[in-house]
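Let me begin by presenting the structure, written as structure tokens, before commenting on it.
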Amino acid sequence: AQNLADGDAQEVADYVLTEPAMKKYTQAVRNLQPFTGQVPQNCDDESPKSLNDMATRMDAVPQVKSALRGAGMTSREYLLFSLSVFHNGMAAWALEQPGGKLPPGAKMTNVNFYRAHEAELKKLGEFSRQPDCDNR
């Protein structure tokens with residue numbers, strides 16, 4: 001979320017992780033598994049500059065768009081959830097460091113959600129791992 005426009009970064013910070021969204025996200029990751037290599041990556045000089053740009057790239061692949069819709073998510077919601085998980089995972093890590101404090105913009109409720117689902121989220125992250133740009 002650091003490379004996003006301020007408004008998008010704020011939207012990621014404000015996103016609330018919930019059980020219903022987690023259920024949809026879990027299904028979305030499963031639905032996307034067969035298309036992992038088709039999910040657009042930021043391997044070129046024209047990296048998307050906004051959530052809308054990223055969502056548009058995902059929606060440009062019909063199988064990806066359909067997989068997300070089948071899980072009850074839009075590309076934008078999938079991206080928000082994914083980026084929020086990353087953001088809150090980093091916040092959870094920061095809190096575990098000596099003298100750690102909640103980073104600016106992070107919400108303890110989301111950090112707690114992340115902590116409660118950490119093992120499952122890490123496993124989902126392994127399922128959705130994309131090939132490196134150099135390995136294509």
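Points worth noting:
- For the stretch 88-100, a residue qualifies if it is surrounded by fewer than 23 Cβ atoms within 10 Å (Cβ to Cβ) and in contact (Cβ under 8 Å) with a residue 24 or more places away in the chain, and the qualifying residues are GLY89, ALA92.
- Test: ARG76 is in a helix (DSSP H, G or I) and over 23 Å from THR36 (Cβ atoms): no
Residues checked against (1) modelled with pLDDT of 95 or more; (2) among the β-branched types (Val, Ile, Thr); (3) within 14 Å of the chain's Cα centre (by Cα):
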{"site": "GLN33", "(1), (2), (3)": "no, no, no"}
{"site": "THR36", "(1), (2), (3)": "no, yes, no"}
{"site": "GLN41", "(1), (2), (3)": "no, no, yes"}
{"site": "SER50", "(1), (2), (3)": "no, no, yes"}
{"site": "ALA55", "(1), (2), (3)": "no, no, yes"}
{"site": "VAL64", "(1), (2), (3)": "no, yes, no"}
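- Some residue of the stretch 99-109 being at pLDDT 90 or above and part of a helix (DSSP H, G or I): yes
The values are calculated or read from the model by the stated rules, or taken from the named source; none is laboratory data. Since this is a predicted model, take the numbers as computed values, not measurements. Cβ: placed from backbone, ideal geometry, glycine included. Neighbour counts: every protein chain shown.
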